[in-house]
Amino acid sequence: CGTVIEPMLMEQWFINMQKLAAPAIKALQAKKITFYPENKREQVITYLKNVRDWNISRQIAWGIPIPAFQNVDDSDDWIFNTNVDREVIEVDGKTYRRDPDVFDTWFSSGHWPLVTLGYPDSDDFKRYYPNSVMETGQDILYQWVARMICIGLYVTGEIPFEKVYLHGMVRSEDGRKMSKSLGNVINPKEILEANGADALRMGMLSGRSAGYSAAFAPSKITAGRNFCNKLWNIARYCETMLGDAVSHDKARPESIADHWILAQAQTTTTEVSQLIEDYRFSEAYERIYHFIWDDFADWYIEASKVGTNKQLLAELLETALKLAHPFAPFVTETIWQTLNWTGETLLMSSNWPTPPGYDAKKAKEFEEIQKIVSEIRYVTKALDVHGVSLYFKKNEFLNTNAPLLKKLAGLQQCKEVEAGRGMHLTSTKLDCWLDIDLATAQKYVTKLKVTKLEKEAAIERLEQRLANKGYTDKAPATVVQQTKDQLAEEQRLLAKVTQELASFSSASDMIS
């Protein structure tokens, strides 16, 4: 309205924080409460050591009334009374009026671990206090977390919770704090409608750690949505392959691909379990993402097309869904309900996966296949050639796995020969050659050499520009930063080209 707001001095209710802070500091120094991240413990201790008396009264319309009543005839006569639903009470023939103030929100919230459990006599309080984990934002570490510790210790003599997990804040895409006044807030309902709840959940989790504030990244939401689609497509393929052939018998590995994927599943389950126990949720999600997308879908399902172990395929799908469920609960539960062998059970109430045992030697054999296939894919993509053949000298391992190599690498044929010819593969100790002539390989090497010279020249120009003080001092900071970013990108590309050049030059020298 444009008028001046005049400050008004009024009597307030305060708490002497020294009596509350001392036990809390002692408990924190004894590490009775674990913090994620750990450095927040010292921040709370420092805050409590320097804390001032706490004003707990507020002159606002809504809140919990302060249970203090003043004698209408004697302003120094105050009494405590819990009949706060009444403005005026009669006690011993005297009339008392309730203080119109209400409790500070943080004072009320500080009692949360007690009030929600029905302190002091409820079964819930006796069973669940102290709480196991308190999860909240790092921005209210002092206002809420520190004060809950103080109040919990003062009232019960025990810490209110054993662990504190502090999440970071979601900032706008340019890194600023989200604010309605700045107009940079995001409506999550719009994201939910476009991508789904699981995609939003995973997108917000990806790349974050405890206490780390990061900018909102739409690309991560998209990645989460694509992961949901991948899960759906994997499930549809598996159901098509399995039909009604799934029993409740324990799966047994047969091929080297079976043994390898079980090794990956067992390692992933162990690592993810530990990461979740350690509250490293983003890392757990990344591990699951790559197991399902890379190991299960891109390698094992493709390998299984040569020979399908149906029982194992079903068990691996179950494992994938169970691992992904904490991070994508809606799509995984929906898929689970469509599987004709899971009955009426809920995924959310099923046991954590325990993959069958495997033969480590056979798992290593599949890794050798992966090396060969990866190099073939890399070379054929770089040279833009298709339908090439792989030749190898007499070798029982390669001969046995020729159909697998042919399928995974998209080869025209995988053939045993008396003498090798073509580009010798360098990623494996086994003697095998790609049917690629010297002229094709050298043409690509020449192209790489030209690209290398171009990158070196670009880097030299950018370094000279940044070495010029007139440029760095006078140009806008954003322009200088763009130049630095451009230099870093050119250096990255040069390193990649140099590595490619070394690889192809070595392979070209070995063309027979």
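Full extension of the chain segment joining Thr105 with Lys371 gains 89.7 nm, where the gain is 0.36 nm per residue of separation less the Cα-Cα distance.
One entry in (1) 168; (2) 254; (3) 225 is volume of the Cα convex hull per residue in Å³ calculated from the shown coordinates; its label is (2). Heavy atoms of the protein chains alone define the surface here; on that basis the chain has 56 Å² accessible area per residue at 1.4 Å probe size.
Under the simplified labelling scheme, the Tyr47-Gln482 pair shows an inter-label distance of 4.1 nm, with each label point 7 Å from Cα along Cα→Cβ. Taking label positions 7 Å along the Cα-Cβ direction at both Leu453 and Ser219, the computed distance is 3.3 nm, reported to one decimal. Ligands, DNA and RNA left out, the 1.4 Å accessible surface of the chain is 51% carbon and sulfur atoms. Between the alpha-carbon centres of region 469-500 and region 82-122 there is a gap of 63 Å.
Each Lys and Arg Cβ is given +1 and each Asp and Glu Cβ -1; about its Cα centre, the chain then shows a dipole of about 1720 debye. Take every pair of alpha-carbon atoms less than 8 Å apart whose residues are at least six positions apart; their mean separation over the length of region 145-278 yields a relative contact order of 20 percent.
Around the amide H of Asn184, modelled in the peptide plane, lie the amide H atoms of Ser179, all under 5 Å away and 5 or more residues distant in sequence or on another chain. In order along region 282-294, phi translates into HN-Hα couplings of 4, 5, 5, 4, 4, 5, 5, 3, 6, 5, 6, 6, 7 Hz, rounded to whole numbers, per the Karplus curve 6.51 cos²θ - 1.76 cosθ + 1.60 with θ = phi - 60° and x for Gly and Pro.
A simple rule links phi to the HN-Hα coupling: the Karplus curve 6.51 cos²θ - 1.76 cosθ + 1.60 with θ = phi - 60°, which for region 340-355 gives 7, 10, 8, x, 9, 6, 9, 4, 5, 9, 7, 6, 4, x, 10, x Hz, with x for Gly and Pro. Across region 303-310, coupling constants 3J(HN,Hα) worked out from phi with the 6.51/-1.76/1.60 Karplus curve, θ = phi - 60°, read 5, 5, 5, 7, x, 8, 8, 4 Hz, and Gly and Pro carry x. One decimal place: the segment Lys381-Val155 gains 74.5 nm when fully extended, by the rule 0.36 nm per residue minus the C-alpha distance.
Of the trypsin sites (Lys or Arg not before Pro) in region 16-47, the ones in a loop by DSSP (not H, G, I, E or B) with at most 13 other beta carbons within 10 Å are Lys31. Projecting label points 7 angstrom from Cα along Cα→Cβ for Asp76 and Asp437 puts them 11.2 nm apart.
Placing unit charges on the Cβ atoms of the charged side chains and taking the dipole of the chain about its Cα centre, the candidate lying farthest along the positive direction among Thr334, Val450, Gly183 is Val450.
Taking amide H as placed 1.01 Å from N in the peptide plane, the amide H of His167 sits under 5 Å from that of Thr136, Gly137, Gln138, Gly211, each at least 5 places away or on another chain. Comparing Cα centroids, region 207-271 and region 294-344 end up 7 angstrom apart.
Loop-resident GluC sites (Glu not before Pro) (DSSP state other than H, G, I, E or B) in region 1-46 with no more than 16 further Cβ atoms inside 10 Å of their Cβ: Glu11, Glu38. Add -39500 (n - 2.57) for each DSSP H run of 4 or more in the chain, then divide by its residues: what number comes out at 222 nm, to the nearest 500 deg cm²/dmol? It lands at -16000 deg cm²/dmol.
The values are calculated or read from the model by the stated rules, or taken from the named source; none is laboratory data. Predicted model, so just to flag it, every value in this text is computed and none were measured. Virtual Cβ from ideal backbone geometry, glycine too; neighbours counted across all protein chains shown. Ligands, DNA and RNA are excluded from the accessible area calculation, which covers all protein heavy atoms including side chains. Shrake-Rupley method; radii C 1.70, N 1.55, O 1.52, S 1.80 Å.
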